Every structure is written in structure tokens, then in C-alpha cells.
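J.: Sharing a structure here in C-alpha cells format.
The values are calculated or read from the model by the stated rules, or taken from the named source; none is laboratory data. What you are looking at is a predicted structure, and each value in this text was computed from that prediction instead of being measured. All Cβ positions, even for glycine, are placed from backbone atoms using ideal geometry, and neighbour counts span all protein chains on display. Surface accessibility is based on the protein's heavy atoms, side chains included, excluding ligands, DNA and RNA. Shrake-Rupley method; radii C 1.70, N 1.55, O 1.52, S 1.80 Å.
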Amino acid sequence: MSPLDHFLIRLLLASAGCLAAGLGVALLMLLVRRLPRFGLQRSTWLLGQLTIAAAFLVMLLPHSERLRLVPPIEIDAPAAAGGQSPLAASSPGPASTGKAAAAVAAQHPWQLHAARAWLAIYLLGLAWMVRRLFLARQMLHRLARTGSPAGLPGTLAPGLDVIEVDAPISPMLFGLFRPCLLLPRHLHQFDPAQQAMIVEHELTHLRRRDLHWMSAGLVLETLFWFNPVMRLLRCRLSWAQELGCDRDVLAGRAPAHRKTYAAALLLQLRLQHRPLHAALAFGGVDASTLGARISLMREPVAATDSRRTRLAAAGALGLVLAGSLALQPALSLPGAAAPQALSCTAISDAASGAWLMHAGQCDQRVTPASTFNIPISLMGYDSGVLVDAHAPVLPFAPGYPDWIASWRQPTAPTGWLSNSVLWYAQQITTRLGEARFGDYVSRFGYGNQDVSGDPGKRNGLTMSWVGSSLAISADEQVRFLRAVVNRQLPLSPAAYDMTSRIMPSQRLANGWTVYGKTGTAPYVGPDGKDDPALQYGWYVGWASQGARTVVFARLVLTRRHGDDHAGPRLKKAFLAELPRHLDAL
């Protein structure tokens, strides 16, 4: 299954989550009916739209599973021959990997078909919505071209084009970047007080920047056209804006003016041919809403504190968003976000780059874990943070990672690399700083070069290589190690010399000397949590004899055995096999 197909399935799930969030917001709308003060605030309705949009976007993020409580939707890989677990296979070849992926796609075709069909439906719906907006815009501009400039004091509306049209419409304001006010000629039939209040209503829209609010709501409605709640929220937003302008126009006026204004709205309803429903414009007295507007004029609802209202609305909608995310099921796909079987052995000639052995899923990126101490060592010696094999000696301090007993003591570079002391590596990267650290990783071309760390935690400088954002494949490990052995990276000679000196090494019976670094990391499941039953194991490095050097990378995803770590266990098995491969060269 390709990354694109996986994204399309995530898009389908995010769309379903968007509908679920819309349902939650709709239920909240019912409560607002009992609290009319909240309904008068335009921010309530725009925040509702933003909540639904946020639920959709967050569900598309790779790490969004960490927010979810529902178990993941598993797309299981087909069972291996003889019922063997896919994790039991030690070195599956590239051909078997492709067959497994094809089998998964064949076993669950409806998921891909549904995701692809939904993409086509979504794009068609989006095109239809954009076309509607374009036609509405064209209609408004054609209507404006049929009219003539109307006189209105410029001090009341600077930069506003006022057009008088011979059409049975209500006064209408439109145009985000160049606002235009359409006034029907039948407005002359109104008495001067009525004319003034009706025009003042439209100018209030302009002063309150209602066109900007309406445009934001309209964009969200267009993008999420498939969610009917978005249209309801946008209509309620327009409704709240109309009520807000009515309230501002009538503020401080006598009851007689309220009656005059209500009479003007009734007269407008009779004179207009029909309401002009154009979402791009304010205007149109509608019989379905006129009664409520007049009722609020007679018995106005006291405006509540806008700041407190926004905070209350944001809090309630935040709960809706959190609930929709927590209850949205995650997605687990073998070979994509969460591989079910992973094993690679890659051995390459350091000089020519020719593959001497290349078997398994060697292009699958995973966390480098403690193998990243090799590039950290190069950075440390090149920058001067590290001095030699025995300096600096750094003391252990409370609060440092202390998962292993050997970490709870003063440590020098040699002990750091042999014991994979995480806090020592963190001290090096911290002294380098974010800029230099990121620059080194970029110059090394190391894996995906993503040192941002966990989303929202700003821990890339100290944790990006520990089951976090930084990822690398076995093929990329080999390319990086070839550059190290051949001294092709922009580093000082001392950085290469000292890193080789502190690398753990052993001499094989056939005369080859192996320099290698292990790495162990828990497998992170689709829910964003560590799986205690599974571990990644790495063993990477190079082996030399005379003028001949080979580089290697061994990676497996394996089941955990008690307190045993996958990296050292993998190293032991690999070194047992390596002499046979080297003797065959």
C-alpha cells in the first residue's frame, strides 16, 4: 500500500471525524437556544465552524493517534506460511515484502476503493461549491453594473461604492476588498427616518468588519461542504450579525424609533420581489426571520459580556473537539504507518558501494535510537564539545534519564558510547544548540533530517532520535557510514579519529575487526503509545581487514524477551553470522 493510499484512508477517517465533530457542535447549538445571549454572539458560530475544521485537520496529522482512546482499526497482514508470525521471519527479501503488501491490498480492497471514491466525490462537491460562489459573485457585479452612483456622505462610508439599482431587492452590502452598497430605488418611498436607519444598518456591517467574518465562515463552509452543520453554523453566523447590527442601530433610541424601524423592515419585505439569497452579500429581508428580529426589537435581550461569552463558548467547543478526537478510531496499516514485519540485513563495500548482501525491508525508516550516537560523536569532536576519549567527564544529576543502572554515574566519552548513556548524548546536543545541531544533521544528510521532536513538546534537541521525529532506513545508515569511513563529510580529521577510537569494537576469529553500535527502541503503536511487547533492534558499523572495509546495517522489529534488549541480542546473532559472510568475499 503506497503512502498516497494510506493518506487517502486517513482523509476518509478525518472526514468521518469531521462529521462526528459536527454532530457534537449541533447538540451544543440546541443548548444555545436556552441561552439566547450566547446565540447573539457571532464568535459562537464561527468558533463552531473552526472546531469542526480543527477536528478534521488534527486527524490528518501523523501523531494524532496519541489523542485517541478508541482502539485502532487494524488491517492485518496475511498470515505467513504455516501460521508463522510475520515477526518471526528473520530476513524477508524485497520480493516477499512486495507480495505481502499486494496481499494486504487484495485482502481489503474496499478500504482503498472507498477512500479513492471519497476523494473524487469531495473534489466534485468542492468544484460545485466554488462554481456557486463564482456565479453569485457574477450576479452581484452584473446587478451593480446596471445601477448608477447614489449620493451618500463620504464621511459616513469612506472608500465605499454606493450604487442605486432599479431592482426589487433589499439594501445589500458585498465585496470583501472593495465593498459596495446596493440601494434599491424603491427606498425613496420610505420616510427619511426609515431610510437613515436602513442605510445605517448596512454601514454598521462595514464598521463591525462583518464582511471579513462572513468570508471566513463561507470559506469553511465551502471546504467542508459535506458537513451540513457547517452551513447551519454559517447561516447562524449571518443571523447573529444581522441581530448585532439591529442592536447597534437601535441603541439609545426611543421606542418610537424601534416601531419605525420594524415598519421599515415590513415595508421592505412587501416591496422586494423575493429575497436575494447570495451568501457573498448581506441583505434580503426574509419572512422566516423577520418575526424574530421584530420580537427582539420589542423586547431586546441584554448583551452579555463578550469576553466571558467567547471564553465560555471556546471552552464548550474545546470539549467537543477533544471528545471527537478521543473517540475517533485510529488507523493501523502494515508496511505504512505501523509495519507488522520488519527485518533488513545490508552489507556494502565501503570503497565501491557494491552490495555484498541486501535482504529485507531496507528502505523502511524507523527511529535510529542509540545508533545516532555515532553522528553525535562526530558533532561533538568536530565542534570541540568533546575533547578526547576520556574528557569531558560529566556528572550524573537527578532528573537525567536513568533507565539503566550504568547510567547513574559520572561518564566519559568511551563509557557513553559503550553504554549508550542517553543523558550524556543530550548534554552534547544541548551544548551544540538547536541551530548547530540541525545544521550537522542536514549536512550529514541523515535520514529524514527531522529534528523537531514530539509535536508541541519542543524536545527535538534532546529526544528527536529516541522514538520521535528523526527516522532513518538501513540503506541510509549504510550510505552515512560509507561517508564516515571514506571521510567524505565536512568534518575535521580529529572528529573521525576520535569517533573511531571510542567506538565499541571486537576482533573476529578470521582476523576482521568490527566497529559497531547497537540501538534499541520500543515500537510506537498507532495510538502513539509504546508497545511493551515489541522492540526495534539495530546494529550498525563497519568491519576492516587490511585495506578492505565493509559497512553494515542490521535492523529487526522483534518481540521483547524479559529485560533483554533487542540491540545487544541482535548484535550477538549478527556477529555469529558475519564471519561466514566475510569469508565468502
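J.: Every residue in segment 510-545 that is part of a strand (DSSP E or B) and over 21 Å from residue 575 (Cβ atoms), please.
T.: From segment 510-545, those part of a strand (DSSP E or B) are 513-524, 530-545; that's our starting set.
Answer for segment 510-545, where residues must be part of a strand (DSSP E or B) and over 21 Å from residue 575 (Cβ atoms): 522, 523, 524, 530, 531, 532, 533, 534.
J.: Just give me the residues in segment 337-392 being open to solvent by 20 Å² or more (accessible area, probe 1.4 Å), within 18 Å of residue 552 (Cα to Cα) and in a loop (DSSP other than H, G, I, E, B), in sequence order.
T.: 351, 352, 353, 354, 361, 363, 364, 365
J.: Within segment 546-566, how many residues are part of a loop (DSSP other than H, G, I, E, B) and either hydrophobic (A, V, I, L, M, F, W, C) or out of contact with any Leu (no Cβ under 8 Å at 6 or more places or on another chain) (or both)? Give the derivation first.
T.: Applying the first criterion (part of a loop (DSSP other than H, G, I, E, B)) to segment 546-566 yields 546-547, 560-565.
So of that shortlist, the ones also either hydrophobic (A, V, I, L, M, F, W, C) or out of contact with any Leu (no Cβ under 8 Å at 6 or more places or on another chain) (or both) come out as 546-547, 561-565.
Final tally of qualifying residues: 7.
J.: Which condition number does residue 193 fail, the rest of (1) assigned to a helix (DSSP H, G or I); (2) open to solvent by 20 Å² or more (accessible area, probe 1.4 Å); (3) closer than 30 Å to residue 56 by Cβ being met?
T.: (3)
J.: Can you find even one residue in segment 422-444 that is assigned to a loop (DSSP other than H, G, I, E, B) and either of a type in the set (Val, Ile, Thr) or touching a residue at least 12 places away in the same chain (Cβ under 8 Å) (or both)? Step through it out loud before you land on a result.
T.: First, pick out the residues of segment 422-444 that are assigned to a loop (DSSP other than H, G, I, E, B): none.
No - not one qualifying residue is present in segment 422-444.
J.: How do the pairs read when you match residues in segment 530-559 that are buried (at least 23 other Cβ atoms within 10 Å of the Cβ) with residues anywhere that are at pLDDT 95 or above and among the acidic types (Asp, Glu), using Cβ under 9 Å and keeping only pairs 6 or more apart or on different chains?
T.: Note: pairs meeting the criteria are 550/349; 551/349; 553/475; 553/476.
J.: Another one. Say whether the condition of being of a type in the set (A, V, I, L, M), modelled with pLDDT under 95 and under 30 Å from residue 497 (Cβ atoms) is met by at least one residue in segment 355-365.
T.: Keep residues of segment 355-365 that are of a type in the set (A, V, I, L, M), which gives 356-357, 359.
Next, only the ones that are modelled with pLDDT under 95 stay: 356-357, 359.
Now drop any that are not under 30 Å from residue 497 (Cβ atoms), which leaves 356-357.
Checked segment 355-365: at least one residue is of a type in the set (A, V, I, L, M), modelled with pLDDT under 95 and under 30 Å from residue 497 (Cβ atoms).
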